[in-house]
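The values are calculated or read from the model by the stated rules, or taken from the named source; none is laboratory data. This structure is a prediction, so every number in the text was calculated from the model and none was measured. Neighbour counts are summed over all protein chains in view; Cβ atoms, including those assigned to glycine, are modelled from backbone coordinates with ideal geometry. Areas reflect the complete protein model, heavy atoms only, side chains present, ligands, DNA and RNA absent. Shrake-Rupley method; radii C 1.70, N 1.55, O 1.52, S 1.80 Å.
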Amino acid sequence: MCSHHASSSPSQRALALLKKAVSEPYPAGSKSPLPVELSVVERTPTADQFKTMQRYYGKPISAFLSAHPSASSSENGSGSDEVERVRETVTQNPMALKYPIVVDWDAGKIAVGNMSEVEKILNERIRSNDGEGGEGGRKQGFLSGLFGSS
């Protein structure tokens with residue numbers, strides 16, 4: 001899952017890289033695109049998605065918020081109330097969320113607001129596919145990006 005905000009340049013770069021990885025030979029010099037399903041989402045994550053993503057991220061739910069002035073969160077907890085506060089903040093102001101958010105649901109990996117982490121997820125997916133089932137030793141997987149609308 002890839003969370004994208006059209007006015008966020010890191011989000012635009014992440015989306016371009018992900019689209020390239022699934023449509024052209026990736027990495028450069030390989031014979032085929034990365035065999036994953038890419039899902040781009042332009043809405044606020046659900047509470048359940050936030051909880052799962054937080055578990056993958058290993059940080060408080062407030063870590064998904066940017067330094068944007070409207071992104072203030074009073075607590076650093078991980079309970080349902082805090083998840084709802086973060087969801088409400090992001091729903092009211094999508095720019096409060098760190099972009100991009102890229103989730104590899106199969107591997108339980110996430111990148112939040114960091115292109116090098118997006119690249120790391122792609123590289124780990126390549127390594128995990130080497131020697132496993134699927135055509136050419138590559139395994140089909142599900143990679144998605146969560147992208148907020150403007």
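Out of ALA21, ALA47, ALA14, one residue alone is farther than 15 Å from PRO100 by Cβ and modelled with pLDDT of 90 or more. It is ALA47.
Whenever a residue of region 14-41 is closer than 25 Å to PRO94 by Cβ and basic (Lys, Arg), its partners that are in a loop (DSSP other than H, G, I, E, B) and open to solvent by 40 Å² or more (accessible area, probe 1.4 Å), lying with C-beta atoms within less than 9 angstrom and at least six residues away or across chains, give the pairs LYS20/PRO33.
On the stretch given as region 5-29, residues that are closer than 20 Å to ASP106 by Cβ and in a loop (DSSP other than H, G, I, E, B) total 2. In a residue-by-residue description of region 69-82, the property of being among the aliphatic types (A, V, I, L, M), at pLDDT 90 or above and not in a loop (DSSP other than H, G, I, E, B) applies to no position. Filtering region 57-68 to residues that are modelled with pLDDT under 90 and hydrophobic (A, V, I, L, M, F, W, C) leaves only ALA67.
The set of residues in region 101-114 that are within 23 Å of SER128 (Cα to Cα) and either buried (at least 21 other Cβ atoms within 10 Å of the Cβ) or under 10 Å from the mean Cα position of the chain (by Cα) (or both) comprises ILE101, VAL102, VAL103, ASP104, TRP105, LYS109, ILE110, ALA111, VAL112, ASN114.
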